[in-house]
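First up is the structure itself, then whatever we jot down about it.
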Amino acid sequence: MRGPKPPLIVLSSEERQELDALLRRHSTPQQIAVRARIVLAAAAGKNNGQIVRELEVSREMVRLWRTRWLALAPLPLAELSAAERLADIPRSGRQAQISAEAVCKVVALACEAPATSGRPISQWSAREIADEVISRGIVERISPRHAARLLKRGISSPTGSAIG
């Protein structure tokens, strides 16, 4: 049994050009490119089922991006670009407590030899790096686990064992 026909997306020539440009750009994140393809397919008159089969995405994803595009359609492109319309909305939750500058300092510290900080070890451990970050006043407090997580995101070691 067929459901109701999904609302049609009508794109201006500017919107279509911007979506096409996003797809051609090699630096466009894959998730944005898939969302742009969904919007373009919906504007071409395809229903959700056709888009699901063609792009191999979930029906919920097609519904979400069709609805989101239609909700943001009244805003001019000068105010909200196509890439911004297709981006994730900010998530709820606690804001980051450690600044980007502090993360850079933690990564720089991890790149130093522990001996330069007066530590009698050959490689940083999560506990040692957390203690040194606190003693240098980079942050007031940090758990060894969180320090290790910051380093895992911030740097990648050729051996995969930057900290252990």
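The values are calculated or read from the model by the stated rules, or taken from the named source; none is laboratory data. If you're wondering where the values come from, they're calculated on a predicted model, not measured in any experiment. When we count neighbours, we look across all protein chains shown, and the Cβ atoms used for this are built from the backbone with ideal geometry, even at glycine. Side chains included, ligands, DNA and RNA excluded: accessible areas come from the protein's heavy atoms. Shrake-Rupley method; radii C 1.70, N 1.55, O 1.52, S 1.80 Å.
Given the whole protein assembly as supplied and a 1.4 Å probe, what does the accessible area of V139 come to in Å², nearest 10?
Rounded to the nearest 10, the figure is 20 Å².
Can you tell me how region 63-134 classifies by the Cα gyration tensor, rounded, prolate or oblate, using a/c under 1.5 as the rounded cut?
It is prolate, given that a/c is not under 1.5 and a/b is the larger ratio.
Report the full-extension gain for the segment A113 to H26: residue separation times 0.36 nm, less the Cα-Cα distance, to one decimal in nm.
My answer for the length gained is 27.5 nm.
So how much accessible area does S92 have, in Å² to the nearest 10, using a 1.4 Å probe?
120
I'd like the orientation of helix 59-72 relative to the chain: the angle between its Cα long axis and the longest Cα principal axis, in ° from 0 to 90, rounded to 10.
80
Return the calculated 222 nm mean residue ellipticity for the chain, to the nearest 500 deg cm²/dmol, obtained by summing -39500 (n - 2.57) across DSSP H runs with n ≥ 4 and dividing by the residue count.
Calculated at 222 nm, the ellipticity per residue is -16000 deg cm²/dmol.
Using θ = phi - 60° and the Karplus curve 6.51 cos²θ - 1.76 cosθ + 1.60, what whole-Hz ³J(HN,Hα) does each residue of region 38-43 get, with Gly and Pro shown as x?
Along region 38-43, the couplings run 4, 5, 5, 5, 5, 5 Hz.
Could you please put R37, R25, R119, R85 in sequence from largest to smallest accessible area, using a 1.4 Å probe?
Final ranking, largest accessible area leading: R25, R37, R119, R85.
Calculate, in nm to one decimal, what R153 and A100 gain on full extension: separation in residues at 0.36 nm each, minus their alpha carbon distance.
Going from the current span to full extension adds 17.9 nm.
Accessible area per residue of the chain at 1.4 Å probe, in Å²?
Dividing the accessible area of the chain by its residue count gives 67 Å².
Please return the longest stretch of the chain lacking exposed loop sites, where GluC sites (Glu not before Pro) count only if DSSP places them in a loop and at most 15 other Cβ atoms lie within 10 Å.
Result for the longest clean stretch: 1-55.
Quick check: the angle from helix 126-135's long axis to the longest principal axis of the chain, C-alpha only, nearest 10 degrees?
Once rounded, one gets 80 degrees.
Give the carbon-plus-sulfur fraction of the accessible surface of the chain in %, rounded to a whole number; probe 1.4 Å, heavy atoms of protein chains only.
52
Once both axes come from the Cα atoms, what is the angle between helix 100-111 and the longest principal axis of the chain, in degrees from 0 to 90, rounded to 10?
Approximately 50 degrees, to the nearest ten.
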